[in-house]
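Engineer: Below is one structure. I have some questions about it.
The values are calculated or read from the model by the stated rules, or taken from the named source; none is laboratory data. Keep in mind it's a predicted model, so treat the numbers as computed, not measured. Reconstructed Cβ throughout: ideal geometry from the backbone, glycine too, with neighbour counts over all protein chains shown.
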Amino acid sequence: MAKYDFVVAVGGAPGQGIDTFGISLGKICARYGLHVSTYSAYQSLIRGGHTFLTIRISSEPVANHGDEIDLIIALDKNSVEKHIENVRPGGAFIYNEDDVKKAPERDDIQLCPIPYKKFSSGIEDRKLQRRALNTCLLGTTLRLVGAELNVLEEIIIQTLLKRKGQEVVDANIMVATAGYEHAVENFTQFDDKFEKQEPALAFVDGNSAMAMGGAAAGVKFYSAYPMSPSTGVLKWMATYARELGIMVRQCEDEISVINMVIGAAHAGCRAMCATSGGGFALMSEAIGSAAMMEIPIVVINVQRGGPSTGLPTKTEQGDLWQLLGASQGDFPKIIVAPINIMDGFHTMPELFNLVDKYQCPGMVLSDLTLGMGFTTFDPASINWQPEIDRGELISELREMDGEYLRFQITDSGISPRAIPGTPGHIHVVATDDHDEDGGLISDEFTNPHKRRDIMEKRQRKMEGIVKLLPPPTLEGPEDADVTLIGWGSTHGVISEASQMLNGDGIATNHIHFKWLYPIDEDVVNEVLANAGRSIIVECNYTGQFARFLRGETGFKADGHIRKYDGEPFMPHHIVDGTRELLIGKTELYVPYQEIVV
Amino acid sequence: MAKKERPIKGAPTARDYKGDVNPDWCPGCGDFGVLASLQSAYAELGRGSHDHLTVSGIGCSSNLPGFIRTYGMHTLHGRSLAVATGAKMANHELNVVVTGGDGDGYGIGGNHFIHTMRKNIDLLYIVMNNETYGLTVGQASPTTVVGEKTYSTPFGNIETPLNPVAMAIVSGATYVARAFSSERKQLTELMINGMQHKGFAFIDVISPCITWKGDEIFDYWKERVNMLEDHDTSDKAAALEQAVKTGHDTQLGLFYHDTNSQSLDQMEPVLENGPMAHQQMGVTPEQGDAIIKRMM
């Protein structure tokens, strides 16, 4: 089978069931074994406003929303006006004909008006009638892409029967069938059609994937304060708390969130929390306190556009320096940026084993693109029982040589950690600096030698950590003319841009950073030695990663592609930018965002 | 601060809870009385010293965990209640006691104070209220009275002090008391009962600061405190009526005791299988399959 690659987008107002449309279509694709990547451009409104969800469907794994849209579904008049020009020539546009007085004008696409009022006239409940529009147009969509209607019927029953009852199920199936049948009679199908392939996949969003990874890693305590775009982690944790035995608490603020995590972790639980940049700022002081008390915690920052309240519903990679600089003083810490949605799942157990071993804070840098994006995955590809290594944890009375010293000076910097409730290991942990036994070395006990010893002990942990972190990856030819360098969530889009450039005869490779801190200068420089003309691609204004990389390694990139308009990169943004940079027009390329929501 | 658990022979005494570090408080500080009462209360409770967790924030009184022989956490300024809540929810079999001062608890930690009470977390919270920021050399605190001259109010304080006891009663605390560091017997009793109370127990302890308030501060308070008498502790409205009395009519004792409400750990179904910290970690293959099924 030739590669199938198709992009559907659906526009409408919040409350019109765009997410439901997306999840249903995503699940249908997953049942066909087709891969999906979604991006939702939305606004911070519960009613009113506008949402535009892009769903890319492919016979091969895909990790960005593509360059062109083949099919658009407009759920309201506004979407007709706004997005009629966004369909590629030869594509199709589905809309409710009751919404528009005059048909949209484009003769290079297939216009698919649906007489929804007629199809839904049998539904007496006006609210239900209004709400089933998305299902009707999904029926039409399925016909155009060559998918079977019965898969949608199964999903309607699965998602609606228990929650909403038979009447709602019947109404939805009725309008879906009408939408589908209408397309059979009136519209032309796309040439490329859905074809089943094995295995059937599952469909998940990035925040859920990270929550799942945390659960698999053994998280027993999760706390949160709601903040877009991280709230999906809380939603998943709260949904599964009782089924999996996880303590989930919503707090009065993010300061409370992280301090509860610290208390729970100290008492013996694997504990984590998630927030976005503003919430993370409130957590800063406590990050350092976890490091000082040597308590392992994990904090997820799902970045949105900043500064300040910024862009609540838009993406950015603008918090790298916030994480690097979070909290006063020097202390051991780990920063990791998952490179795609399922990597968010796999990262959590890896990170928990590291922070448990080294008794320090671990920070995950995700963003809206990953957190609120959906992907498909093969259920067999995820390990629900990853290795759980708690490090040197003491929870029982044991034989000891001499007395127990909580912060014992060791070569590795790791001191065995006893949890409260354990007989024979009573100690105090303090946010003031302290000696091996926890005794304060500030205030009247100030002792510069003890301070130096304990500071060096803590920082020695970094030497162990840095050896365990995998180096950045190099993909593509080793001796390329162009090297695209990225970090975190942009892996998929840079990877595709790199392939496109190679296809166009520009030999390109791709170096990608996941483990950001600590960084081993020699190891990283060895990878960077493969770089051709180097271009750092990132989603912020000041080149936060470029500056960080230069500071850590001395590496100076030849050019930069940066985006800070709130929308994620599309592959052609990077391809176009690379071309501009190659002809020497500029050292910094900022792509123009064509689709405006 | 070597604070090893001493083998307890026979009934534990307050001495068994004495830390190896002597308090760094100014001679004559009210906090000494609070520390001694807490050591007696721990001993009276009769559990192993490793079963207690003493959590504090920052400030003079927050140095207390270092002077006592239990597990201890000396956390950030104002954050003791949040940390203690996390610890309690992770292991609800621990007896978790939180200590601190008025700046720590009512100022920077005010938000946590309200919400920890609202949630009825099973903690004993002891605030050594000296109406000043002692460790930063004597500025006005949230409980400093109007007119008082301090480093930060050289012309006299013009802000109204908050009433922590009244605040606790209306915020959902289920055991609310006021004590005086010089009334040791009453204070110890309130602490023991507070530890035994299932829910959020709060004791606002008048613990005078002689350094920033002068030697006469103890006499000042002795003239003003009165023992709460003929009071029904189950009556919330009556408790509030007593709590708002200040100045020469300041009342000491147990204002409010709700024995019916359940604490959060009692209501939380995930604790049915024992403390979180001791429960099985991770996801079983069956649980994983069930989760995946809903994503397909």
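Engineer: For the condition at pLDDT 95 or above, away from every other protein chain (no Cβ under 14 Å), closer than 30 Å to B:ASP265 by Cα and not in a strand (DSSP E or B), what is the one hit in B:VAL146, B:VAL170?
Structural biologist: Details: B:VAL146 fails: closer than 30 Å to B:ASP265 by Cα.
The match here is B:VAL170.
Engineer: Yes or no: segment A:420-429 includes at least one residue that is away from chain B (no Cβ under 14 Å) and touching a Gly at 6+ places or on another chain (Cβ under 9 Å). If you could, list the steps in order and put the result at the bottom.
Structural biologist: Applying the first criterion (away from chain B (no Cβ under 14 Å)) to segment A:420-429 yields none.
No: segment A:420-429 contains no residue that is away from chain B (no Cβ under 14 Å) and touching a Gly at 6+ places or on another chain (Cβ under 9 Å).
Engineer: Would you say B:GLY86 is without any contact (Cβ under 8 Å) to a residue 40 or more places away in the chain, small (Gly, Ala, Ser), under 27 Å from A:ILE255 (Cβ atoms) and part of a loop (DSSP other than H, G, I, E, B)?
Structural biologist: Values: without any contact (Cβ under 8 Å) to a residue 40 or more places away in the chain: yes; small (Gly, Ala, Ser): yes; under 27 Å from A:ILE255 (Cβ atoms): yes; part of a loop (DSSP other than H, G, I, E, B): no.
Spelling it out, it is not the case that B:GLY86 is without any contact (Cβ under 8 Å) to a residue 40 or more places away in the chain, small (Gly, Ala, Ser), under 27 Å from A:ILE255 (Cβ atoms) and part of a loop (DSSP other than H, G, I, E, B).
Engineer: Hey, another quick one. Return the only residue of A:GLY263, A:GLY268, A:GLY232 being more than 10 Å from chain B (Cβ to nearest Cβ), out of contact with any Phe, Trp or Tyr (no Cβ under 7 Å at 6 or more places or on another chain) and buried (at least 20 other Cβ atoms within 10 Å of the Cβ).
Structural biologist: On the way: A:GLY263 fails: more than 10 Å from chain B (Cβ to nearest Cβ); A:GLY268 fails: more than 10 Å from chain B (Cβ to nearest Cβ).
Of the residues listed, the single one that is more than 10 Å from chain B (Cβ to nearest Cβ), out of contact with any Phe, Trp or Tyr (no Cβ under 7 Å at 6 or more places or on another chain) and buried (at least 20 other Cβ atoms within 10 Å of the Cβ) is A:GLY232.
Engineer: Moving to a separate point now. Kindly establish whether A:ASN78 is farther than 27 Å from A:GLN593 by Cα, among the polar types (S, T, N, Q) and surrounded by fewer than 17 Cβ atoms within 10 Å (Cβ to Cβ). Break it down into steps so the answer makes sense when it comes.
Structural biologist: Numbers: farther than 27 Å from A:GLN593 by Cα: no; among the polar types (S, T, N, Q): yes; surrounded by fewer than 17 Cβ atoms within 10 Å (Cβ to Cβ): yes.
The answer is no for A:ASN78.
Engineer: Another question, then. For segment A:172-208, enumerate the residues that are assigned to a helix (DSSP H, G or I) and either crowded, with 24+ Cβ neighbours inside 10 Å or within 14 Å of another protein chain (Cβ to nearest Cβ) (or both).
Structural biologist: Here is the first cut: in segment A:172-208, the ones assigned to a helix (DSSP H, G or I) are A:172-186, A:206-208.
Selection gives A:ASN172, A:VAL175, A:ALA176, A:GLY179, A:GLY206, A:ASN207, A:SER208.
Engineer: Collect the residues in segment A:284-316 that are of a type in the set (A, V, I, L, M, F, W, C) and within 28 Å of A:ALA41 (Cβ to Cβ), keeping them in residue-number order.
Structural biologist: Step one: of segment A:284-316, the residues of a type in the set (A, V, I, L, M, F, W, C) are A:286-287, A:290-293, A:295, A:297-300, A:302, A:311.
Across segment A:284-316, the qualifying residues are A:VAL299, A:ILE300, A:VAL302, A:LEU311.
Engineer: Moving on. Give me the residue from segment B:26-74 that is in contact with a Gly (Cβ under 6 Å, 6 or more places away or on another chain) and in a loop (DSSP other than H, G, I, E, B) and, out of that set, nearest to B:ILE210 (Cα to Cα).
Structural biologist: Going through the qualifying residues, I end up with B:CYS60.
Engineer: Exactly one of (1) under 30 Å from A:ASN64 (Cβ atoms); (2) part of a loop (DSSP other than H, G, I, E, B) is unmet by A:ASP437. Its number?
Structural biologist: Failed condition: (1).
Engineer: Right, here's the next one. How many residues are facing chain A (nearest Cβ under 7 Å) and modelled with pLDDT of 75 or more if we restrict to segment B:1-26?
Structural biologist: So the first thing to find is which residues in segment B:1-26 are facing chain A (nearest Cβ under 7 Å), and the list is B:1-5, B:21, B:24.
Still in the running and modelled with pLDDT of 75 or more: B:21, B:24.
Of the residues in segment B:1-26, 2 are facing chain A (nearest Cβ under 7 Å) and modelled with pLDDT of 75 or more.
Engineer: Within segment B:246-274, take every residue that is surrounded by 14 or more Cβ atoms within 10 Å (Cβ to Cβ) and over 23 Å from B:MET191 (Cβ atoms) and give me the one that is nearest to the other protein chains (Cβ to nearest Cβ).
Structural biologist: B:VAL270
Engineer: Kindly provide the set of residues from segment B:46-57 that are surrounded by 24 or more Cβ atoms within 10 Å (Cβ to Cβ) and not hydroxyl-bearing (Ser, Thr, Tyr), ordered by number.
Structural biologist: In the first step, residues of segment B:46-57 are kept if they are surrounded by 24 or more Cβ atoms within 10 Å (Cβ to Cβ); the result is B:52-57.
Passing the criteria: B:HIS52, B:LEU53, B:VAL55, B:GLY57.
Engineer: OK, next. Among the residues of segment A:447-485, count how many are free of Cβ contacts under 8 Å to residues at least 40 places away in the same chain and touching a strand residue (DSSP E or B) at 6+ places or on another chain (Cβ under 9 Å).
Structural biologist: 4
Engineer: Would you be able to say whether some residue in segment B:234-248 is over 20 Å from the mean Cα position of the chain (by Cα), closer than 14 Å to B:ALA179 by Cα, not in a loop (DSSP other than H, G, I, E, B) and not aliphatic (A, V, I, L, M)?
Structural biologist: yes
Engineer: Specify the residue that is nearest to A:TYR358 (Cα to Cα); the eligible residues are those in segment A:230-274 that are among the hydroxyl-bearing types (Ser, Thr, Tyr) and in a helix (DSSP H, G or I).
Structural biologist: The initial filter retains those residues of segment A:230-274 that are among the hydroxyl-bearing types (Ser, Thr, Tyr), namely A:230-231, A:239-240, A:256.
Add one more test, that the residue is in a helix (DSSP H, G or I), and what stays is A:231, A:239-240, A:256.
Details: A:THR231: 28, A:THR239: 31, A:TYR240: 29, A:SER256: 24 Å.
It comes out as A:SER256.
Engineer: Quick check: is even one residue across segment B:139-153 buried (at least 19 other Cβ atoms within 10 Å of the Cβ) and within 25 Å of B:ASP51 (Cα to Cα)?
Structural biologist: no
Engineer: Report yes if some residue within segment A:366-380 is touching a Lys or Arg at 6+ places or on another chain (Cβ under 7 Å) and modelled with pLDDT of 95 or more; otherwise report no.
Structural biologist: As a first pass, look at segment A:366-380 and keep what is touching a Lys or Arg at 6+ places or on another chain (Cβ under 7 Å): A:368.
Restricting the remaining residues to those that are modelled with pLDDT of 95 or more gives A:368.
Yes, that holds for at least one residue.
Engineer: Identify, by number, the condition in (1) within 21 Å of A:ASN134 (Cα to Cα); (2) touching a Gly at 6+ places or on another chain (Cβ under 8 Å) that A:ALA63 doesn't meet.
Structural biologist: Evaluating A:ALA63 over (1) within 21 Å of A:ASN134 (Cα to Cα); (2) touching a Gly at 6+ places or on another chain (Cβ under 8 Å) leaves (1) as the failure.
Engineer: With the condition being within 14 Å of chain B (Cβ to nearest Cβ) and surrounded by 20 or more Cβ atoms within 10 Å (Cβ to Cβ), I'd like the strands (runs of 3 or more DSSP E) fully within segment A:282-396 carrying at least 2 qualifying residues. Break it down stepwise before answering.
Structural biologist: Working: elements: A:297-303, A:334-336, A:361-367, A:374-377.
Result: A:297-303, A:374-377.
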